[in-house]
Amino acid sequence: MHFEYNNKGVCSKKTILEIGDDNTIESVEIVGGCDGNRQGIMALLKGQKAEDAISRLEGIKCGFKNTSCPDQVAQALKAAMEANK
């Protein structure tokens with residue numbers, strides 16, 4: 001499943017996901033934000049189950065912000081799973 005999510009409250013603008021029928025993350029593209037962090041997140045998530053990634057990333061904060069790019073990926077994954085029900 002292809003899913004696009006508009007990030008909120010962070011430097012990155014959008015998260016684009018490809019998720020398999022068994023909720024395995026096939027690819028993640030983060031548009032905008034810090035290049036190295038973006039590449040690291042994208043590489044680490046490939047092949048993980050969406051549920052596992054959400055449990056690891058959700059709630060991470062960036063400085064004084066209530067969210068972060070990893071947290072926004074978790075929100076995108078949750079929204080994708082909800083849309084796929």
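The values are calculated or read from the model by the stated rules, or taken from the named source; none is laboratory data. Small disclaimer: the values here were computed from a predicted structure and weren't measured. Cβ coordinates were reconstructed from backbone atoms using ideal geometry, including for glycine residues, and neighbour counts include every protein chain displayed. The protein model used for the area step is the full one, side chains on, heavy atoms only, and it has no ligands, DNA or RNA in it. Shrake-Rupley method; radii C 1.70, N 1.55, O 1.52, S 1.80 Å.
Listing for the model above:
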read-out: On Cα atoms only, tilt of 35-45 relative to the major axis of the chain in degrees; value: 30 degrees
read-out: Around ALA74: net Lys/Arg minus Asp/Glu count, Cβ-Cβ under 10 Å; value: 0
read-out: For the chain: accessible area per residue (Å², 1.4 Å); value: 58 Å²
read-out: ³J(HN,Hα) computed for each position of region 51-65 - Karplus, 6.51 cos²θ - 1.76 cosθ + 1.60, integer Hz, glycine/proline x; value: 4, 5, 5, 4, 5, 7, 9, 5, x, 5, 10, 10, x, 8, 6
read-out: Cα-Cα separations in the chain greater than 23 Å, expressed as whole percent; value: 11 percent
read-out: Relative contact order %, the chain, counting alpha carbon pairs below 8 Å whose residues are six or more apart; value: 28 percent
read-out: Whole-percent carbon and sulfur share, accessible surface of region 22-85, 1.4 Å; value: 53 percent
read-out: Ordering of 8-17, 68-77 by burial proxy (mean other Cβ atoms within 10 Å per residue, highest first); value: 68-77, 8-17
read-out: Burial order of peptide ranges 47-57, 33-43 (average beta-carbon count within 10 Å, highest first); value: 47-57, 33-43
